[in-house]
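Structure, as structure tokens:
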Amino acid sequence: MVVKGLTQEIIGQLAKFKDIVTVEDDGGTKPVSRNARYILAGGVSVSEDKLRLQARVSDAEDSAVLWAQTYETAFEPSQIIAVESEIARRVATALGQPYGIIFKADAERSMQATTGDWSAYSCTLSYFAYRANLDAKSHPNVRKCLEDAVDRFPNYATAWALLAQTYIDEMRFGYPVDASTSPASLERAIAAANRAMELDPQNVRALQAKMLTLYFDRQLDAALNVGKRASETNPNDTELMGEYGARLADSGQWKEGCALITEALDRNPGPSGYYETILSICAYVRKDYKEAATLIRKAAVMDNPAYHLVAAAIFAEAGLADDAATQRQWLMTHAPEFAKNVRSWAGLRNVQPADRERFLASLRKAEFPIPP
């Protein structure tokens, strides 16, 4: 009974990650599908007061074990449903989320497979690789790859959702536009997000794209409602958790938003620069400038203009004038238009007026030429 219940709960939790393909339970009685890439197996043991799950993921082609983990928790028969749900949540998060076990394994596979639908799937993997550092250099290639993917596979909801987010990133981070492409626009982002939602309204990545497009279209309440819906659809998705937390924080709900970002950082196995950058802003808002400086140094998202802008403000308030000057100089050299339009940058993020003016005052302290 426990084994069956736990198996079904894990499958249900994994199915919420639309970035991957989940196969149904065969009870170990059927041959592995020739389309299967990985096999999740394991065993459960129950004693009077403990439940232990030993799980492993192996490659379907050569049976190489890619991941193995033991989960142990207190066992109370009356709480079996809650116990199964908690263990399933932990397994699904480890396997299915961006930067999880399956993502890492598929990223290696994508180097050898470059045709057909696998090539389109590889574009989604390349998006998350770009997302690790949010750098301007890789952005044009990721955008082009996703545009090609939706052109060839127009019903690929996840690709449409990630394409919408690349358009938003181009706008919010002030990336230079590739001469061979037309500039991204909010209208194009909205159209891509809407297409993703039409194809799969339960796809968390589609919901995330919809949240972002609504947010940057200044429809704050609608955006946060979609973010809440997305987090309820899959509370194990740390990629969504961090982005939703950032939207809450920027809109003035700092306590709730920063708590979500902290949880995302704790649970996310991938690159942490994006989360640490936002948490540095959380510390800045609390006027804990020492902690803010520590976090922004750890983040080191060096190719992203927004990172340098945040760092300049934090270093200025922390009394680190030389460090603030270094950040200002980087922006003036690598992203001069972004540096000249910081007021519109803050406005685009729907930052509350008091928070926005405080941030601009910090940038003036960092010697940015910002009029009152």
*Please state the charge dipole magnitude for the chain, taken about the Cα centre, from unit charges on C-beta atoms (+1 on K and R, -1 on D and E), reported in debye and rounded to the nearest 20.*
740 debye
*Nitroxide proxy distance, nm - points 7 Å out along Cα→Cβ at A259 and L220*: 2.0 nm
*Nearby lysines by direct alpha-carbon distance to K298 (threshold 16 angstrom, same-chain neighbours under 8 apart not counted)*: K290
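What shape does segment 137-235 take by its C-alpha gyration tensor, where a ≥ b ≥ c are the square roots of the eigenvalues and a/c under 1.5 counts as rounded, a/b above b/c as prolate, and the rest as oblate? Kindly include the intermediate steps, with their values, before the conclusion.
On the way: a/c = 2.19, a/b = 1.37, b/c = 1.60.
Cα axes put segment 137-235 in the oblate bin.
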*Could you tell me which of A293, L134, A339 has its Cα farthest along the dipole of the chain towards the positive end, charges placed at Cβ (Lys, Arg +1; Asp, Glu -1), taken about the Cα centre?*
A339
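Can you work out the accessible area per residue across the chain, with the rest of the protein chains kept in place, probe 1.4 Å, in square angstrom?
46 Å²
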*Can you give the alpha-carbon Rg of segment 273-315 over 2.2 N^0.38 Å, where N counts its residues?*
0.95
*asked:* Suppose the chain between M302 and A361 were pulled fully straight at 0.36 nm per residue; how much longer would it get relative to their current alpha carbon spacing?
replied: 18.9 nm
*Give me the percent of the accessible area of the chain that comes from carbon and sulfur atoms, probe 1.4 Å, all protein chains in place.*
53 percent
_Amide H partners (placed H, <5 Å) of R37, local residues excluded_ = none
_From phi via Karplus (6.51, -1.76, 1.60), per-residue ³J(HN,Hα) for segment 224-237 in Hz, x at Gly/Pro_ = 5, 5, 5, x, 5, 4, 5, 5, 6, 5, 9, x, 8, 8
*By how many degrees, between 0 and 90 and to the nearest 10, does the Cα long axis of helix 139-152 differ from the longest principal axis of the chain?*
50 degrees
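From the cross-link list K144/K228; K228/K340; K18/K255; K16/K210, which pairs have alpha carbons spaced over 25 Å apart?
K144/K228; K228/K340; K18/K255
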*asked:* Give me, ordered by chain and number, the residues 5 or more places off W67 or on other chains with an amide H under 5 Å from its own placed amide H.
replied: V57
*Calculated FRET efficiency, K290 and M332, Cβ-Cβ r, R0 30 Å, to nearest 0.05?*
0.65
_Between helix 2-14 and the chain: long-axis angle, C-alpha atoms, 0 to 90°, nearest 10_ = 30 degrees
*Extension gain (nm, one decimal) between Q79 and K50, 0.36 nm per residue minus Cα-Cα*: 9.2 nm
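The values are calculated or read from the model by the stated rules, or taken from the named source; none is laboratory data. What you are looking at is a predicted structure, and each value in this text was computed from that prediction instead of being measured. We place every Cβ from the backbone using ideal geometry, glycine too, and count neighbours over all the protein chains shown. With ligands, DNA and RNA removed, areas are computed over all heavy atoms of the protein, side chains included. Shrake-Rupley method; radii C 1.70, N 1.55, O 1.52, S 1.80 Å.
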